[in-house]
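Undergrad: Okay, here's the structure, questions in a sec.
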Amino acid sequence: MERTDMKNRPEVSPDEQEDVFRALVKYSPGAIAMFDREMRYVAHSDRWTKDFNLADEDLIGKLHYDVFPELPDTWKEEHRRCLAGEIIRHQQEMFPRTDGTTDWVRRELHPWRDKNGAIQGLIMFAEVITERVLAEKELLESEIRYRNVFEHTGTATVIMEEDTTISLANSQFEKLSGYDRVEIEGKKKWTEFVVQEDLARMKAYHDVRRKETGKAPNEYEFRFIDRSGSVKHIFNRVARIPKTNRSIASLLDITALKEAQEALRNSEEQYRLVVDNANDAIIIAQGEQIKFANKRAEELTGFLRQELLNRSFISFIHPKDRPAVLERHQKRLAGEGLPLRHTVQAINKKGETLWVEISTILIEWKGAPATLNFVRDT
């Protein structure tokens, strides 16, 4: 490439150079202002007046502190430091506008030197980032709300990546699995918790869910292996998170129910032994009436089994919790998706108040919808 002969370059007068420089600043796409050592405007871009709601009149020669009389003293001190040779950068700070409002801005100050290196003033670059800051704040608040809901769903809940890695797990999943969260998140795959006989089926669900919406079941049972090697029966509710290849799953331990069903298949006596010796009170409610209760339900409520049958389960709920419990029960019977587990205050036969955790599943009982409830004294 031919090099330009320095001798043939056109001469540009100092005045012309200044005009070119001012034009470059004026039409710059960013908010730029140039000040002399007294902080009077030497040049500024159109974007500067637009972003900071300044009048269209020319600012040249005006004192910056007259244009922005509410500037904090800390900013004025930064101006002095910059005029002494320091470069100053701020990624995010509040800026007082002339109309009394404030904005978030990103700001840089650079000394302006002449060709001999002497400082003649400073150049300020500024960008209004209020919309971005507010969006980030809203996103953070949304994430906090989401994490609170995630943590307090009442069931073991995980978020799974497309490669089956568990990226998020709540405290209930810690209890279910026997692992701490730091041992799970980003390190373990959900496939590690599934018995071999159930794994192929669940991996097929996982793949199909990402290829064909609605083709994989959202609710099913599988067998879960915890840290100690114990196998638990799980009722799993899983869905793909919209616009992602991630899934969220809620896992309810129904081992007691499965054991009860197995015992029932073997014999009525074995069934009663399992159910009556379960750690949880097991209650079946249809409409508002109790249709079945085990021995633990007698111990928890203080009523004999025959006293419990056909009695309204609402009568055992503390008055302040009754409306919410009844509404939740009716919605579940209507087929609405609700959290499987919740905590309420209950009242026993003596009138004593106790906190209980209730895990509920919608079932069919003698041809009609009912709820199967596992009640645990917390």
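Undergrad: With respect to Pro72, is the statement that it is of a type outside the set (A, V, I, L, M), farther than 17 Å from Phe125 by Cα and at pLDDT below 75 true? Steps first, answer last, please.
TA: Details: of a type outside the set (A, V, I, L, M): yes; farther than 17 Å from Phe125 by Cα: yes; at pLDDT below 75: no.
No; evaluated as a whole, the condition is false for this residue.
Undergrad: For the stretch 262-279, which positions are under 14 Å from His233 (Cβ atoms), of a type outside the set (Gly, Ala, Ser) and at pLDDT 70 or above?
TA: The one that is under 14 Å from His233 (Cβ atoms), of a type outside the set (Gly, Ala, Ser) and at pLDDT 70 or above: Glu262.
Undergrad: Please determine, by comparing only the residues of the stretch 210-262 that are of a type in the set (Lys, Arg) and more than 24 Å from Ala281 (Cβ to Cβ), which one is surrounded by the fewest Cβ atoms within 10 Å (Cβ to Cβ). Quick ask: steps written out before the conclusion?
TA: Within the stretch 210-262, the first condition is being of a type in the set (Lys, Arg), and the residues that meet it are 210-211, 215, 223, 227, 232, 237, 240, 243, 246, 258.
Going one step further and asking which of them are more than 24 Å from Ala281 (Cβ to Cβ), we end up with 210-211, 215, 223, 227, 240, 243, 246.
Details: Arg210: 14, Lys211: 8, Lys215: 9, Arg223: 17, Arg227: 12, Arg240: 19, Lys243: 6, Arg246: 16.
Ranking the qualifying residues of the stretch 210-262, first place goes to Lys243.
Undergrad: Does Arg201 count as in contact with a Gly (Cβ under 7 Å, 6 or more places away or on another chain), farther than 15 Å from Leu340 by Cβ and either touching a residue at least 40 places away in the same chain (Cβ under 8 Å) or part of a helix (DSSP H, G or I) (or both)? Even if it seems obvious, please write down each step before you answer.
TA: On the way: in contact with a Gly (Cβ under 7 Å, 6 or more places away or on another chain): no; farther than 15 Å from Leu340 by Cβ: yes; either touching a residue at least 40 places away in the same chain (Cβ under 8 Å) or part of a helix (DSSP H, G or I) (or both): yes.
For Arg201, the condition - in contact with a Gly (Cβ under 7 Å, 6 or more places away or on another chain), farther than 15 Å from Leu340 by Cβ and either touching a residue at least 40 places away in the same chain (Cβ under 8 Å) or part of a helix (DSSP H, G or I) (or both) - is not met.
Undergrad: Within the stretch 46-57, does at least one residue satisfy the condition of being modelled with pLDDT of 80 or more, more than 42 Å from the chain's Cα centre (by Cα) and more than 17 Å from Phe125 (Cβ to Cβ)?
TA: Checked against the condition, which is being modelled with pLDDT of 80 or more, more than 42 Å from the chain's Cα centre (by Cα) and more than 17 Å from Phe125 (Cβ to Cβ), the stretch 46-57 yields no hits at all.
Undergrad: Something else: Could you tell me whether the stretch 323-336 includes any residue that is touching a helix residue (DSSP H, G or I) at 6+ places or on another chain (Cβ under 9 Å), over 29 Å from Thr157 (Cα atoms) and either at pLDDT below 90 or acidic (Asp, Glu) (or both)?
TA: Taking every residue of the stretch 323-336 in turn, none turns out to be touching a helix residue (DSSP H, G or I) at 6+ places or on another chain (Cβ under 9 Å), over 29 Å from Thr157 (Cα atoms) and either at pLDDT below 90 or acidic (Asp, Glu) (or both).
Undergrad: Restricting the search to the stretch 319-355, which residues are in contact (Cβ under 8 Å) with a residue 60 or more places away in the chain, within 23 Å of Glu299 (Cβ to Cβ), surrounded by 16 or more Cβ atoms within 10 Å (Cβ to Cβ) and not basic (Lys, Arg)?
TA: Passing the criteria: only His342.
The values are calculated or read from the model by the stated rules, or taken from the named source; none is laboratory data. Every value quoted in this text rests on a predicted model; they were computed, and no experiment measured them. When we count neighbours, we look across all protein chains shown, and the Cβ atoms used for this are built from the backbone with ideal geometry, even at glycine.
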